[in-house]
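The values are calculated or read from the model by the stated rules, or taken from the named source; none is laboratory data. Treat the numbers as computed from the prediction; the structure is a model and nothing was measured. Methodologically, a virtual Cβ is constructed for each residue, glycine included, from the backbone with ideal geometry; neighbour enumeration extends over all protein chains shown.
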Amino acid sequence: MFKKISTIVLLSVFTQISFAQRNQSYTLTIIDPNTKITEKIRAQLTAAFNLVYPAFARADGYGTKRDVTLEINDASTESMIAEAGKIMVNSSWLADNSAKLERELRFKLSKNWVSSDTLKKKGYQLIFISKDPNLNQTVKQNLIATYFKVYPKLVKIYNRKSTKEVFFVVDTAYRAVAEASGGRILFSAAYMKAHPTDIDVVTHETMHIVQGYGYGAGPVWLTEGIADYARYKYGVDNIGSKWSLPAYKQNQSYTNSYRITARFFAWLEKNVKSGIIATLDSELRDHQYTENSWVSLTGKSIKELWSDYSKNPEIKLTYSGK
Ligand SMILES: [Zn+2]
């Protein structure tokens, strides 16, 4: 029963994302040593691949193979075996079912996932794909709830043009903590298992989607500092995950990035200029940010501001909790 339902959902996932895939290239090599298929079927295979595979790869997660071999292989009686990078098709099935090719390829590829859910709320969509059979269901629900609670808020505050269709992929092959690219966030299955309360990874990573600066807009420490500042300010349970901004120490620098930079930003907001982070975020997105932005906004250089901070770094911090 569950399988059936999840299949229907999987097909709709593909429908929704197939058009989003334009500038990434995938190659198909058809291997047919005994010339069992006609030129027409060969063309149909290529067309089905081009329609289905890029959308699959987009949703699949980390390091999905771009070069794919499709082998005509009658050793198996199954219609098709499909995984990232490798597809095998039975030629006699193909001769009778070429019209079903696209649908079958979608179905077989999506079987590589443990689950896929499409969730919608107030104009926002989340496609949640799990490749981890042991994903804790409470963690899953918390990741989803945090998306719908935090992301619309971040979009409203920082960038109303942000995408309203986001993918979450819990990936067992991905080894870091989490990362955002395009509208997709990868979560490490191992990290979430070890840190089930670290739900505000969602806040940090969805802020990266909102940022959407593109390449070369500004330094990495600034991008990451802003994302952690957003986590500090809009996170749902920083107390529960024991996440906090570390107290100032002399050996720190604003370029340390992440939480150290975020604390400095909280201090700037309170003591120098309220709203400065939203302004910088906007400049970065418009590719207008330069080191001189600090001077224009505050009358001081970033180094002078950090020096002021180092002399009087006290600040009352308030953390969110459930
Ligand atoms: Zn980040």
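Scanning region 165-175 for residues that are surrounded by fewer than 19 Cβ atoms within 10 Å (Cβ to Cβ), more than 19 Å from the chain's Cα centre (by Cα) and away from the ligand (no atom under 16 Å from the Cβ) turns up nothing.
In the set (1) of a type outside the set (A, V, I, L, M, F, W, C); (2) more than 16 Å from the ligand (Cβ to nearest atom); (3) buried (at least 19 other Cβ atoms within 10 Å of the Cβ), the condition left unmet by Lys122 is number (3).
Of all residues in region 299-316, which are polar (S, T, N, Q) and touching a helix residue (DSSP H, G or I) at 6+ places or on another chain (Cβ under 9 Å)?
Of everything in region 299-316, those that are polar (S, T, N, Q) and touching a helix residue (DSSP H, G or I) at 6+ places or on another chain (Cβ under 9 Å) turn out to be Ser301, Asn312.
Whenever a residue of region 239-251 is more than 17 Å from Gly225 (Cα to Cα) and of a type in the set (S, T, N, Q), its partners that are at pLDDT 95 or above and not in a loop (DSSP other than H, G, I, E, B), lying with C-beta atoms within less than 9 angstrom and at least six residues away or across chains, give the pairs Ser241/Val201; Gln250/Ser310.
Answer yes or no: is there a residue in region 185-201 that is modelled with pLDDT under 95, in a loop (DSSP other than H, G, I, E, B) and either among the basic types (Lys, Arg) or crowded, with 16+ Cβ neighbours inside 10 Å (or both). For region 185-201, residues modelled with pLDDT under 95, in a loop (DSSP other than H, G, I, E, B) and either among the basic types (Lys, Arg) or crowded, with 16+ Cβ neighbours inside 10 Å (or both): absent. When Lys242, Lys249 are screened for being charged (D, E, K, R), away from the ligand (no atom under 11 Å from the Cβ) and more than 17 Å from Thr197 (Cβ to Cβ), only Lys249 passes.
Residues are listed down the side, and each one gets a yes or a no for (1) more than 26 Å from Gly183 (Cβ to Cβ); (2) modelled with pLDDT of 95 or more; (3) part of a loop (DSSP other than H, G, I, E, B):
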| site | (1), (2), (3) |
| --- | --- |
| Thr29 | yes, yes, no |
| Asn34 | yes, no, yes |
| Leu45 | yes, yes, no |
| Ala48 | no, yes, no |
| Pro54 | no, no, no |
| Thr64 | no, no, yes |
| Thr69 | yes, yes, no |
| Ala99 | yes, no, no |
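The single condition from (1) over 17 Å from Tyr258 (Cα atoms); (2) in the same structural domain as Leu135 (by TED's automatic domain parsing); (3) among the small types (Gly, Ala, Ser) that Ala217 fails is (2).
Condition test on Thr298, is it outside the structural domain of Val177 (by TED's automatic domain parsing), of a type in the set (Ser, Thr, Tyr) and either closer than 14 Å to Tyr232 by Cα or in contact (Cβ under 8 Å) with a residue 12 or more places away in the chain (or both)?
So Thr298 fits the description; yes.
Filtering region 97-106 to residues that are surrounded by 16 or more Cβ atoms within 10 Å (Cβ to Cβ) and out of contact with any Ser or Thr (no Cβ under 7 Å at 6 or more places or on another chain) leaves Ser98, Leu101, Glu102, Leu105, Arg106.
When the residues of region 210-236 are filtered to those that are crowded, with 19+ Cβ neighbours inside 10 Å and more than 16 Å from Asp281 (Cβ to Cβ), which remaining residue is farthest from the ligand (Cβ to nearest atom)? It comes out as Val236.
If you take the residues of region 31-76 that are of a type in the set (Asp, Glu) and surrounded by 13 or more Cβ atoms within 10 Å (Cβ to Cβ), which of them is nearest to Ile185 (Cα to Cα)? Restricting to residues being of a type in the set (Asp, Glu) and surrounded by 13 or more Cβ atoms within 10 Å (Cβ to Cβ), the top hit is Asp60. The residue that is nearest to the chain's Cα centre (by Cα), counting only those in region 192-240 that are under 21 Å from Val169 (Cβ atoms) and among the hydroxyl-bearing types (Ser, Thr, Tyr), is Thr206.
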